Amino acid sequence: MQENLVIVESPAKAKTIEKFLGKGFMVKSSFGHIRDLAKKGLGVDLDNHFEPIYEIPDDKRKVVEELTRLAREAKTVWLASDEDREGEAIAWHLAKVLQLPIDQTKRIVFHEITQRAILDAIENPRTIDLNLVNAQQARRVLDRLVGFELSPVLWKKVRPALSAGRVQSVAVRLIVEREREIIAFNSTAQYRVVAQFYAAEDASKTLFKATLSQPFATRQEAEQFLRECIGENFTVSKAEEKPVQRFAAPPFTTSTLQQEAGRKLGMSVSQIMSVAQKLYEQGLITYMRTDSVNLSQMAITQCKNEITRLFGAKYSYPHNFKTKAKGAQEAHEAIRPSYIERHEIEGTAAEKKLYDLIWKRTVASQMVPAELDRTTIVVDLERRKEQFVATGEVVRFDGFMRLYSESTEEDSQNEGEGGILPKMTVGDKVLPVSITAQERYSVAPSRYNEAALVKRLEELGIGRPSTYAPTITTIINRGYVVKQNRDGQKRQTHQLTLVGDKISEKMVTESYGKEKNRLAPTDIGMVVNDYLETQFSSIMDYHFTANVEKEFDRVAEGDITWTDMIRDFYDPFHKLVDCAVGTQSDRSVQSVRVLGVDPKSGCTVKARIGRYGPMVELEAEDGGKGQFASLKKGQLIESITLEEALELFALPRDLGELDGEPLMVGVGKFGPYVRHGKTFASLQKGDDPYTITRERAEELLKENIAKQRAASEPLRTFAEDPQMVVKSGQYGPYIAYNGKNYRLPKGAKVETLTYVDCQRIVAKSKK
């Protein structure tokens, strides 16, 4: 009989903990939740105070059987799932299924997987916190109710196989609203004026840049200004230098880690959480689902010692940060390395990078503020009211910046801002070397990347750090949102430059609109969003969704019962669903947009969602069947123009005849293709069906024919039996024998296969 059985969530965590506990302890994994709401039906008893109907999934039955047996044999069972609400619910489900007394079961929690933390938890067990369990149950039941009732409405009113969710639908709304801001945005040009000056009394002529306080709306205004600068007197009206301090950012919470790792490392939110989970289970970092910025006194002391050793005592600034989030649940400490003295780890490249980021952020949070001199110089013109302004910062003492600086969404430095500015006093004369008026276009709001979306959700109080990653994954997988890259476009802008008393002009090429890993809504995402906003405005309201999160917090704190909270939500929600079902006929919601009239045929052109997705339609003159074309990737029904739509009808393209057969380019079910007679070849990445040349189309056909011939040629034949042939297939080499195919075993090499080997493989396969 094993004296102690410890049950954790993951096998990796089990291995790490078992090393610390030693003999007398057996550590087993539950592999996450061992039961969940029943998949069949609602899974919630509406007539019995929303009682959840739980079931053990088929893939967990063996795990449950083993844990049940081990729990019966053990003298003491320790439930060591994670310390957040989800972990508390896992412990509760284990106690229920394994028939452990709830009020006597030993529940242990730890913020880090270190020997010290594990042994301390064993010495200080507690019972299961039912308030935390109820908060998790409330979230799970509420999300099931919303999804179960809303999704069928979407099937009836919009399109089959759609779904909705309490948090995911609100996240889609944010992305849709941003897209519409971009569509409605009207870019305008202004002329921004930047001058290069030096002090009249400065023999070395040290240059500094200054930007005019306001831009000009037109080229004429900008040119007039430059003309009036000829012979102008420029005088310093303000020269201010003041010391400032820049403080280190607090250690990571879940959301700030997601944002910073997204910006600095280019990782997706789900990737960040997956890698962080592995680091935690290996005992390398503390628990990675937390709202807290606090550090333990032990961690603060370790940081002090390490900073003093690396940089000297003057860089150390031991202090703690106060968690601002009310009712910050999930944890007692920020995300930090388990051992501050450990600078590097073994592991994958992603694990090393993320650990390094966490280590630097943690240590930097305990370093002294950076000390800077911020300088502002204002230059007046004698004959004009405008002013030139120059700003600069000089680091006098780097402080925490020696190790780490927090990034921002827009990490670009404005022109006219820089480092060292010359020492100047009020009344000093300055002389211009050049004054440049550059045409600049206003920029539309940026689409969200994952980091920016997490930040916005957190600002609104929607969801929790642990839910951001699955929410983003869900809206992408369901086709409401796409993560995309966009190539930048180029445009010509005017540049006017005054040097001495002469104004020159030149055209400058600038790039704009380039995007990487930005989130954009799909047409179906926009349609679903509009329908839900119309019929379920309260559910889609940001403040309402945030208030629901606060209610979960109240349940966790024991202020309200979770069934009462669900009741207050469900009754009005259910009435909204009934109303939505009864107000419109089935499939009444369609996004149809009239784009205009085809100048050639005089027929109407429309954009809408068809059976196979977003499309444009050119109506027939006689009311018969018109022409149809699918939208390109990145095009939206809401923003496509008539000109762009008409281009789509260019397919299929006739590239002429080849060997008496037409050579065509088109787009089919499996993407763009070249067709010659009955022969097809798919276009490759970078090939555009609208612009592909005849030469390239012929090249693709030849390559495809060569591949087919190569595939039909046997890799191996055997004199012993001509029927025994080794061929190349779609999924690798295989044996063809007497009309049947046989897969080669793993590790088998075609070059060394003998006839006897093939006979053996065929014989075994027949068995």
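So, in the stretch 184-215, exactly how many residues are more than 17 Å from Leu498 (Cβ to Cβ) and either outside any strand (DSSP E or B) or polar (S, T, N, Q) (or both)?
The qualifying residues number 15.
Where residues in the stretch 626-655 are surrounded by fewer than 15 Cβ atoms within 10 Å (Cβ to Cβ) and free of Cβ contacts under 8 Å to residues at least 12 places away in the same chain, which of them is farthest from the chain's Cα centre (by Cα)?
Only one residue fits best here, namely Asp654.
Give me the pairs, please: first residue somewhere in the stretch 746-762 and free of Cβ contacts under 8 Å to residues at least 60 places away in the same chain and assigned by TED's automatic domain parsing to the domain that holds Ala736, second residue anywhere and of a type in the set (A, V, I, L, M) and in a helix (DSSP H, G or I), beta-carbon distance under 9 Å, and either six or more positions apart or on two chains.
Short answer, once both residue conditions are applied: Ala748/Ile761; Leu753/Ile761.
Within the stretch 515-618, which helices (runs of 4 or more DSSP H) (wholly inside it) include 1 or more residues that are farther than 28 Å from Arg178 by Cβ and touching a residue at least 40 places away in the same chain (Cβ under 8 Å)?
542-556, 562-583
For the stretch 108-125, which residues satisfy the criterion of being in contact with a helix residue (DSSP H, G or I) (Cβ under 7 Å, 6 or more places away or on another chain) and either closer than 15 Å to Ser30 by Cα or assigned to a loop (DSSP other than H, G, I, E, B) (or both)?
Matches in the stretch 108-125: Ile108, Val109, Phe110, His111, Ile113.
Could you list, in sequence order, the residues of the stretch 168-198 that are over 34 Å from the mean Cα position of the chain (by Cα) and among the aromatic types (Phe, Trp, Tyr)?
Tyr191, Phe197, Tyr198
Out of the residues in the stretch 78-93 that are within 28 Å of the chain's Cα centre (by Cα) and among the small types (Gly, Ala, Ser), which is farthest from Ile335 (Cα to Cα)?
Result: Ala89.
Kindly indicate whether Glu201 is more than 16 Å from Gln438 (Cβ to Cβ) and loosely packed, with under 13 Cβ neighbours inside 10 Å.
yes
Considering only the stretch 1-105, give the helices (runs of 4 or more DSSP H) lying wholly within it that have at least 3 residues that are surrounded by 20 or more Cβ atoms within 10 Å (Cβ to Cβ), touching an Asp or Glu at 6+ places or on another chain (Cβ under 6 Å) and β-branched (Val, Ile, Thr).
Once the helices (runs of 4 or more DSSP H) in the stretch 1-105 are filtered for at least 3 residues that are surrounded by 20 or more Cβ atoms within 10 Å (Cβ to Cβ), touching an Asp or Glu at 6+ places or on another chain (Cβ under 6 Å) and β-branched (Val, Ile, Thr), nothing remains.
Would you point out which residue out of Asn517, Asn547 is surrounded by fewer than 20 Cβ atoms within 10 Å (Cβ to Cβ), at positive phi and of a type outside the set (Asp, Glu)?
Asn517
List the residue pairs whose Cβ atoms are under 6 Å apart, where the first residue sits in the stretch 3-28 and is touching a residue at least 60 places away in the same chain (Cβ under 8 Å), the second is basic (Lys, Arg), and the two are 6 or more positions apart or on different chains.
Every condition considered, the pairs that remain are Glu3/Lys75; Ile7/Lys28.
Just checking, which of Gln730, Gln708 is modelled with pLDDT under 90, within 47 Å of the chain's Cα centre (by Cα) and not assigned by TED's automatic domain parsing to the domain that holds Glu657?
The unique qualifying residue is Gln730.
Kindly list, by first and then second residue, each pair from a residue in the stretch 158-176 that is closer than 18 Å to Ala520 by Cα and in contact (Cβ under 8 Å) with a residue 12 or more places away in the chain to a residue that is assigned to a loop (DSSP other than H, G, I, E, B) and of a type in the set (A, V, I, L, M), limited to pairs with Cβ atoms under 8 Å and residues at least 6 apart or on different chains.
Val167/Ile462; Val170/Ile462; Ala171/Ile462
The values are calculated or read from the model by the stated rules, or taken from the named source; none is laboratory data. All values reported here derive from a predicted model rather than from experimental measurement. Positions of Cβ are generated from backbone atoms using ideal geometry, with glycine treated the same way; all protein chains shown enter the neighbour counts.
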